Structure formats: structure tokens, C-alpha cells
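*Asks:* Submitted below is the structure of interest, expressed as C-alpha cells.
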Amino acid sequence: MAQQALPQRDPEGTHGQPNAPREKQDTARLGKPLGAGRTVHGVALLLPGGRAEGTRRPSALTLAAQRPLARRLTAAAAADGLVTHVVHYRRRGWNGSAADPVRDAEWAADEVVQRYGDVPVCLVGTDMGGRAALRAAGHVAVTAVLAVAPWLPDPVHVPEPEPVRQLCGRRVLIVHGTNDEHTDPDLSFRLAQRAKKVNRDVCRFEVHSDGHGLRQHRAEVQALAADFVRGTLFGHHFARPVADALAAPPPLGLRMPLASGFGASLGY
């Protein structure tokens, strides 16, 4: 299954004008904070998807796609003092060895420390952002990682395996649709297998029959994310399926089915 972004016409948006002006891209940004009034006790950083290559900033549509999940997380943990930010990358592409979204995620975690002090951080990444979240997990402020349909390299084309040592000491949740035709769910399963060998606090949920956008079970995926963030950042008890997935040996805890209707009775 191909893992590289599909070629696109005019990918940099210059409309055939090689000297078209470019935006300043010297730093990433944190989007408008959602949640938490005066006291912040935990932060969720949402890392958007992107492309294999690209040097312009992400589109407004890409950033806006993260807001429903940001609002869901904020609503679920408002009483705990959660604040969420969507990370605005410097560049929309992974860009090979530059791994630009990883650098931006690390910058964002640094910025959280500057703004809010010593609070726990959960990286919540989608697609390319899922890979960035897993890579940036070693930051001292990060205590948890949630990767949704992560875009991972095919080992046939990238023989160097994705690192997993940086996940030690963090709780990690991966969720992937079994019918994803854009990012290969088998690759996230194999990464989870490797990660589980160095960190027991790794689990993975499969959303059967759903595709890359997880649109058929969006409510369940958002509830799963909210339960994970509440548990990892604020010490709440996990919902039974999440607790079971974290405790189960592989492959059971790495192929946990996300049940239809999950979260309907959680009350947040």
C-alpha cells in the first residue's frame, strides 16, 4: 500500500509563478487556546495531517479539521483545567530527513512550558501529525501520545525503522481504521508491536470497516480520545476497554476493536 502523498497539481500554490511571494516560515505557532480559565493543569497539542513534501504553511482547511476534536477534548476535561491548542506548522510537508512537523511539535511543547509551567502534555496527532507525535514523545513535558491513523513509512522504501525508545515512560494510544487506504493500518500495528516491547503502556484500537477519516465512527473515536486524555493527564480511571487494552499482552491489546457506541454512557 502506497504511503507517500499523491502528487498534486501546483502543490506549493504558486500558480505557475516561480517568484510568487512566500509566507514567513521561521517559526511554528500555537492556535487559539480552548478551555481552562486562569488555571491550567494539562495541555493537549493537536498536530494536523500534511503531505510527504511541501514548504508552504498548512492550509486553513487542514487546521480547521482539528477543531472538532479540540472542542470535544476541552468539553470532556474542562473541570480538570485542560487547555488545547492546534499546532500551526512552519511547513505542510514532512520533507524527508528534515522531519519538519517533529521539530514544530517539540517547539510547541517548549512553548507550553513557557506559557503554563510544569504541566503534563498529551500530543494528539492525525495522519502525518500522528507520526510527528510519536517521534516527539521524548520531550520532557510529554506524558502521553495519541496517534490517529498515523502516516508511517513503508519499510520497503525507508529501511530504517521508526524509533520507539522515545515512547518509554509515556502512555501511548494508536487508533486506526481497518479500511484505511491512505495510511496502512498494518504499519501502525507493527510499530505498536515494537513499542510494546520497550513500553508496556502501549495500546492500539482498530475501527472496523472505517477509512482514513474515521467518519463512520467519529463520535466513538472522539470519545476514545477524550477518555485517554482525561486518564493520562488527570488521573481519571480509564473506560474498561482502554484499561483492558493497556493491560492485555500483544497482540490482543494492539488489535482492540472500538465498539460501536463507545462513549455513549461515559457522561462527558
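*Asks:* Placing +1 at every Lys and Arg Cβ and -1 at every Asp and Glu Cβ, with all other atoms neutral, what dipole size does the stretch 81-142 have around its Cα centre, in debye to the nearest 20?
*Replies:* 220
*Asks:* Need one number: % antiparallel among DSSP beta bridges in the stretch 32-145, to the nearest 5.
*Replies:* Close to 5 percent.
*Asks:* Tell me the mean residue ellipticity at 222 nm calculated for the chain from its helices only (DSSP H runs of n ≥ 4, each -39500 (n - 2.57), averaged over every residue, nearest 500).
*Replies:* That comes out to -9000 deg cm²/dmol.
*Asks:* Suppose every Lys and Arg Cβ carries +1 and every Asp and Glu Cβ carries -1, with no other charges. What dipole size does the stretch 54-101 come out with about its Cα centre, to the nearest 20 debye?
*Replies:* 260
*Asks:* Can you run the Rg to Rh ratio on the chain? Use alpha carbon positions and the Kirkwood inverse-distance Rh.
*Replies:* Reported Rg/Rh (Cα atoms, Kirkwood Rh): 0.95.
*Asks:* Only bridges with both residues in the chain count here: give the DSSP antiparallel percent, nearest 5.
*Replies:* So the antiparallel bridges in the chain amount to around 10 percent.
*Asks:* Another question, then. May I ask which residue of 168, 245, 35 lies farthest towards the positive end of the charge dipole of the chain, with charges of +1 (Lys, Arg) and -1 (Asp, Glu) on Cβ and the Cα centre as origin?
*Replies:* 35
*Asks:* Okay, next question. Spelling out what I want: for every residue of the stretch 62-67, take phi, set θ = phi - 60°, compute 6.51 cos²θ - 1.76 cosθ + 1.60 (Karplus), and round to whole Hz; glycine and proline get x.
*Replies:* 4, 5, 5, 5, 8, 5
*Asks:* Dipole magnitude of the stretch 154-244 about its Cα centre, charges +1 at Lys/Arg Cβ and -1 at Asp/Glu Cβ only, in debye to the nearest 20?
*Replies:* Here the stretch 154-244 has a charge dipole of around 560 debye.
*Asks:* Here is a follow-up. Based on the mean of other beta carbon atoms within 10 Å per residue, what is the order of 220-232, 99-111, most packed first?
*Replies:* The packing order, highest mean first, is 220-232, 99-111.
*Asks:* Something else now. What are the residues whose amide H is under 5 Å from the amide H of residue 126, where those residues sit 5 or more places off or on another chain and H is modelled from the backbone?
*Replies:* Those qualifying (amide H under 5 Å, at least 5 residues apart or on another chain) are 47, 49, 148.
*Asks:* If each residue of separation counts as 0.36 nm, what is the full-extension length gain between residue 243 and residue 157 once their alpha-carbon separation is subtracted?
*Replies:* Between residue 243 and residue 157, full extension yields an extra 27.4 nm.
*Asks:* On a C-alpha basis, how far is the centre of the stretch 65-109 from the centre of the stretch 185-203 in Å? Whole number, if you could?
*Replies:* 22
Bear in mind these aren't lab numbers, they're just calculated from the coordinates by the rules spelled out. From a predicted model like this one, the values you see are computed outputs, not experimental measurements. So basically every Cβ, Gly included, is an ideal-geometry build from the backbone, and we count neighbours across all protein chains shown.
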